[in-house]
Every structure is written in C-alpha cells, then in structure tokens.
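The values are calculated or read from the model by the stated rules, or taken from the named source; none is laboratory data. Just so you know, these numbers come straight off a predicted model, no measurement behind them. All Cβ positions, glycine included, derive from the backbone under ideal geometry; neighbour counts span all protein chains shown.
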Amino acid sequence: GRKWTEIQHLNVELEGKTVLIRGQAQAIRAVGKNMAFLVLRHKGFTVQCVVTATPELVSRQMVKFSASLSRESVVDVEGIISVPGIEITGATQQVEVQVRKFFCINKAVPNLPISIEDASRSDKEIEDAKKEGVLLVGVNRDTRLNYRVLDMRTSANQGIFRVQCQVENIFREFLLSQGFVGIHTPKLIAGSSEGGSAVFKLDYKGQPACLAQSPQLHKQMAISGNFERVFEIGPVFRAEDSYTHRHLCEFTGLDVEMEIKEHYFEVMDIVDQLFVAMFDSLNQKCQKELEAIGKQYPFTPLKYLRKTLRLTFDEGVQMLKEAGIQVDPFGDLNTEAEKKLGQLVLEKYDTEFYILHRYPQAVRPFYTMPSYDDSRYSNSFDVFIRGEEIISGAQRIHDPEVLTARAVECGIDVKTISTYIDSFRYGSFPHGGFGVGLERVVMLFCGLNNIRLTSLFPRDPTRLVP
Ligand code: ATP
Ligand code: AMO
C-alpha cells in the first residue's frame, strides 16, 4: 500500500517532503481563480492545504474543483510540506500542505444541517453572533441531536465521550483491583425492581414483563450466590414522564453490590476510594479532552477532598435550616434543596463531592435496611457532585420475612419478586451496594447543564431517534 501520514503527525521536520493524507474538509475558501485553501481534519487535528494553479503541476480546473467541494467531504491529498513564516490560526498543525494531487473519496451533501464550526461555539459566542445578526447553522439542541453524527464531530463532544469511556474504565479497573467480579443481569424482567411507576411494560411472549429499572434484585441475588463482591455496567430503563435536565429514559448504570461485615460505611468506603481514584485519573489522563470540553462549555475543575466528606441527612437538614430553608426532616430533599445544600457544603467544607447518609426510611426503596437504632432512618446514602445526585446506595434487608413485609408496605406485588425474596432463604450474608448514573457523573464532573450532552444517542420522553 501507499505510505500515509496522519494529520496529527505533520510537523516542521517534514518540510520539503511529500506526504499523502486523508481527512474531512472542515473549511474551504477560494482566493480568486488560481488559489484555494482547504482545512482538512482527522481525529480532531487540522491542517491547512493550499491549492495553487501552477503550470504542469496543478490545473486551474483542480483549483476550481477543490474550491467547490462541500464541507465534510472526505478527501485524499498528496502534497509537499511547507512552513509559512506566520502562525496558522485556523488549524492545529503549524505547517501547510502544498497540494499536488487531490481526490475526493466521498462527497458530503452541499447544505449540511449542522456547521461543525458553529456547533463548536460557546454559549457566549452564540449570543454574540445573534446580537450581530450572524446566522449560525445547527446550534439548537434538537437540531444537534437530530443530526447527532455531525454534532459528535465537535472537539467538545469528542472530549465528552472519551471522558465517559475513561469513567467506565476506571470503574472497572478499580473494582477488579478490589476483588469484584463483573456480571451481567437480565434486562427483561417480570416486575418493577425499584417500586414506583417508572417502568416500561412489554409483552414477553404472552407474559407481562418490564425493562429492568435497575439490576438491583439480580445483583443482590449474585451475592446470595456467593460472588461476594460484584459490579455491572449496563443499560437502565426508566419510563420518566417529565422532561428534566438530568433524567433520561435509558441510561448507563454502574452498579456495585458487596458483602459487608459490620456497617454500611464499608460500602461508602468503596465509593470514596473509587471516586477519588476516578477524579484523579480523569484530571491526569484526560487533560486534552477536558480542555476541549471547557473551551466550548467553560467549567471550574471539580473540588474534592482526599477523604470524601460524609454528612448525615439530619446534618444536611440542619444546615439548610440555618440558611433559612425549611425541609421535612423525614421527607426527601427536592432538587432545589439538594442544589442549595451543595452550595452550603462548598462554602463550609470546600468540596463539591460529598456523601449524605442515614436517610429517612420512608423515602428509600423497599429493600433498604432500616437503621438498627432508629427505624425511622435507614442505612442508606446518596452521593452528590455540585449539588446533584449521582449515586444512591444502601445496606439491604437480608431477612426474607422483613423484606416481604417491607415490599407489601410499599405496595409491591410480591408474586413478581418471589424468586428474589426466596434467594435469602438459603443462608444470606449481610450486604449492600450502590448505583451510579454514568451520564450524570460525566455531566457534573464537567459542569454541564444537560444530561443529553453526555448521552451519545439520548432517549428522553420525546426522543427515540436517531
Ligand atoms: P433517583 O431516580 O435515582 O432517585 P433522582 O435524581 O430522580 O434519582 P429522586 O430521589 O427520584 O432522585 O428525586 C429527587 C428530586 O428530583 C425529586 O424530589 C423531584 O423534585 C425531582 N425528580 C425526580 N424525578 C423526577 C422526574 N422524573 N421529573 C421531574 N423531577 C423529578
Ligand atoms: P437510583 O434510582 O437512585 O438507585 O439510581 C441510581 C443512579 O442512577 C442515576 N439515575 C438516572 N440517570 C439518568 N436518568 C435517569 N432517569 C436516572 N435515574 C437515576 C442517578 C442515580 O443516582 N437500585 C438503586 C441503586 C442501589 O441502591 O444500588 C437505584 O437504582 O445517578
């Protein structure tokens, strides 16, 4: 085969050499009839290519053809590397390619619904452009999601989904290093696993069935099956009714379940170590990606402590009270109160990542272990980034009779979960675990304001395509 050079490897050391490159035409500009500039992009790197009509070498026709190319078309260019005397602002590489041969490999449609350049602009740039009456193409969120393939090409999106991959990677690596076993549980199940109404119902060959709202019941059953410590990375389905900035109808759950010896704090210890390792790793290994995200969506680096702050729910309620906000000490915190508490915690403890534990039992799912000293509370916790929930977790009830009673109290059809309840009749270890929303972690670590930004193909109450 021919010798190809990657755009990212084009540098001054190649001056005078002939190279063959492939990329997508990001910008095209004709200067008179004898010259055209093309910026080619590949893997996020860009280089300026100059097509100059030159007797015997480059025809005027070729200049015309290259200047008339549609944006995002895929082209191969053979040319000579030159070093201009001035800084090149519109490309990442500081050399130019003097084009000798030019082939269009695949033509994009002429009027793209999204301009990658415009879709890369920050909110401020978009606002400024609007004030000046500049027409931008494809900056509206729905347009971007409708043409997600084009939208994905922006540097920020390239960054976001690489960060997401790293979050998943660290989750797996860290847990494997701590003796956890990766499992996969069914997504077609007989009933709701969390209680509540947010389930997608379907017909399973004549039997009523649901898409799993969480791997909750089966990850606990894996503990009953002696796996001791398990994790799962998989899809979670919630038939959410309302359209919010942080709820999807399908998201990726990072789930953990483990035996505990004495205290649900053993589960919180894993959360603590896992997330400090994760944030450290993101800051070290994803610098370029975070920079690209921050350029379009400016954010401050997440503040977190070496040892994660732990507050009880009551302490949280107290802090809110002192700030003049009354909340029900045995109810759940609403989104606003959570956000406010996040601010108060930041001011007082200088961290944007913390654990709130010992929630009121009444607001937790049926399988949650009540506190031994006061059954109005529970051995449970939520974890927050920048005042928004990313994790729920708890110790679980491992006594089948107590579990049945709780399920009945919570209005759950016990028939649909009888195999789960039975799994605790054969000798069961005390255990606990937690569930993390992957898209929320990425959204909040990067200070983004909408979960649709961190889902490759988001599913929300109104969107089922692409
Ligand atoms: P989870 O579903 O894991 O519990 P969550 O962030 O939805 O995560 P909840 O405890 O259900 O947490 O809800 C916290 C608050 O978020 C609620 O009090 C409510 O204000 C709001 N909320 C929850 N679900 C929805 C929803 N589907 N639509 C709008 N608001 C919601
Ligand atoms: P919970 O219902 O709190 O707990 O879910 C766990 C985490 O999943 C994320 N999450 C969501 N992300 C996007 N869109 C949604 N609609 C959505 N709903 C939840 C949040 C949340 O913290 N079985 C328990 C976990 C456990 O106790 O192990 C559970 O499902 O980040």
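Just a yes or no: is a residue in segment 346-355 in contact with a helix residue (DSSP H, G or I) (Cβ under 6 Å, 6 or more places away or on another chain), more than 16 Å from ligand 1 (Cβ to nearest atom) and more than 30 Å from Glu291 (Cβ to Cβ)?
Scanning segment 346-355, I find no residue that is in contact with a helix residue (DSSP H, G or I) (Cβ under 6 Å, 6 or more places away or on another chain), more than 16 Å from ligand 1 (Cβ to nearest atom) and more than 30 Å from Glu291 (Cβ to Cβ), so the answer is no.
Each row is one residue, and each column tells you yes or no for (1) within 13 Å of ligand 2 (Cβ to nearest atom); (2) over 19 Å from Gln220 (Cα atoms); (3) touching a Pro at 6+ places or on another chain (Cβ under 7 Å).
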| site | (1), (2), (3) |
| --- | --- |
| Gln318 | no, yes, no |
| Asp328 | no, yes, no |
| Glu347 | no, yes, no |
| Pro365 | yes, no, no |
| Pro370 | no, no, no |
| Phe384 | yes, yes, no |
| Glu388 | yes, yes, no |
| Ser392 | yes, no, no |
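If you take the residues in segment 362-379 that are part of a loop (DSSP other than H, G, I, E, B), in contact (Cβ under 8 Å) with a residue 12 or more places away in the chain and among the aromatic types (Phe, Trp, Tyr), which one is surrounded by the fewest Cβ atoms within 10 Å (Cβ to Cβ)?
Phe366
Run down Lys261, Lys219 and say which single residue is over 17 Å from the mean Cα position of the chain (by Cα), surrounded by 15 or more Cβ atoms within 10 Å (Cβ to Cβ) and of a type in the set (Lys, Arg).
On inspection, the qualifying residue turns out to be Lys219.
Condition (residue is within 25 Å of Asn450 (Cα to Cα) and within 16 Å of ligand 1 (Cβ to nearest atom)) applied to segment 322-332: is it met by at least one residue?
Yes.
Return the residue satisfying two criteria in turn: it lies in segment 226-238 and is crowded, with 16+ Cβ neighbours inside 10 Å and under 14 Å from Gly179 (Cα atoms), and of such residues it is farthest from ligand 2 (Cβ to nearest atom).
Phe227
Only helices (runs of 4 or more DSSP H) wholly contained in segment 126-209 count here; list those with 3 or more residues that are over 24 Å from Ala27 (Cα atoms) and either of a type in the set (Val, Ile, Thr) or modelled with pLDDT under 95 (or both).
By residue number, 155-177.
Anything in segment 291-341 that is of a type in the set (Gly, Ala, Ser) and touching a helix residue (DSSP H, G or I) at 6+ places or on another chain (Cβ under 8 Å)? List them, or say none.
Answer for segment 291-341, where residues must be of a type in the set (Gly, Ala, Ser) and touching a helix residue (DSSP H, G or I) at 6+ places or on another chain (Cβ under 8 Å): Ala292, Gly316, Ala323, Gly331, Ala337.
Restricting attention to segment 210-247, which residues are near ligand 1 (Cβ under 10 Å from one of its atoms) and in a loop (DSSP other than H, G, I, E, B)?
Once the filter is applied, which keeps residues that are near ligand 1 (Cβ under 10 Å from one of its atoms) and in a loop (DSSP other than H, G, I, E, B), segment 210-247 yields Gln213, Ser214, Arg238, Ala239, Glu240, Asp241, Ser242, Tyr243, Thr244, His245, Arg246, His247.
Testing Met258 on (1) more than 16 Å from ligand 1 (Cβ to nearest atom); (2) farther than 16 Å from Ile397 by Cα, one condition comes back false. Which one is that?
So Met258 meets the others, but not (2).
Might you check whether a residue that is touching a residue at least 24 places away in the same chain (Cβ under 8 Å), under 22 Å from Ser371 (Cα atoms) and either buried (at least 18 other Cβ atoms within 10 Å of the Cβ) or more than 9 Å from ligand 2 (Cβ to nearest atom) (or both) occurs anywhere in segment 239-256?
Yes.
Could you figure out which of (1) part of a helix (DSSP H, G or I); (2) crowded, with 18+ Cβ neighbours inside 10 Å; (3) without any contact (Cβ under 8 Å) to a residue 60 or more places away in the chain isn't true of Phe279?
(3)
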